[in-house]
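For reference, the structure is listed below as structure tokens.
The values are calculated or read from the model by the stated rules, or taken from the named source; none is laboratory data. Being a predicted model, the structure only gives us computed values, none of them experimental. Using ideal geometry, Cβ is built from the backbone for each residue, glycine included, and neighbour counts are taken over all protein chains shown.
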Amino acid sequence: MPAVNTSEVKKSDIVGMIEHHREKKGVLIPLLQEVQDRYGYVPKEAVEIIAAELDVYPVDIYGILTFYAQFHLKPRGRHIIKVCMGTACYIMGGKEILDHLKGTLGIEIDQTTEDGNFTLEVVSCLGCCGMGPVVMVDEKFYGRCDLQKMDEVLQEYGK
Ligand code: FES
């Protein structure tokens, strides 16, 4: 997922996405999904353009963005690290893994490293509890994690 500077938001790109969805019912959610797919999050500049073009209040768009957990309002890193904090993973050491990643990366949950390389998130269950503790980086799963393995994984992604 790309981390982009909001100065890269082009009105013509956003208007193109609006045209793509304009005739559909419930245009806002698929439109916002497309914006997020493009930028990795929904920039406020995009919200302003959409509000003006569709004649809706920005606050109504933010209502949707904050209601659905899938949307992000801040830029995210090139790599998204998801640490499972479900019961099985927690018991098997997930908390230690999370604390180690926070310390190594120098960030808290839902923050992004200064170089834009990593965003750290927690999830409640990744559906492979027998492999706990489990961490997911982008689309790849890592099971039976320990602190040394985490250091190796971070190196794999450019730490
Ligand atoms: S609790 Fe971690 S994968 Fe289910």
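For this structure, a couple of remarks:
- The numbered conditions (1) among the hydroxyl-bearing types (S, T, Y); (2) within 30 Å of G16 (Cα to Cα); (3) in contact (Cβ under 8 Å) with a residue 24 or more places away in the chain are all true for Y57 except (3).
- I109 meets the stated requirement of being exposed (fewer than 14 other Cβ atoms within 10 Å of the Cβ) and touching a strand residue (DSSP E or B) at 6+ places or on another chain (Cβ under 6 Å).
- Residues that are more than 7 Å from the ligand (Cβ to nearest atom), touching a strand residue (DSSP E or B) at 6+ places or on another chain (Cβ under 9 Å) and outside any strand (DSSP E or B), drawn from the range 121-130: S124
- Among residues of the range 61-86, those that are part of a helix (DSSP H, G or I), over 17 Å from the mean Cα position of the chain (by Cα) and in contact (Cβ under 8 Å) with a residue 24 or more places away in the chain, counted: 1
- I107, sole failed condition from (1) modelled with pLDDT of 95 or more; (2) hydrophobic (A, V, I, L, M, F, W, C); (3) near the ligand (Cβ under 7 Å from one of its atoms); (4) assigned to a loop (DSSP other than H, G, I, E, B): (3)
- Answer residue from the range 19-72, given it is β-branched (V, I, T) and touching a Pro at 6+ places or on another chain (Cβ under 9 Å) and is nearest to E121 (Cα to Cα) among those: V35
- Within the range 86-104, being surrounded by fewer than 18 Cβ atoms within 10 Å (Cβ to Cβ), under 16 Å from L154 (Cβ atoms) and within 15 Å of the ligand (Cβ to nearest atom) holds for one residue alone: E96.
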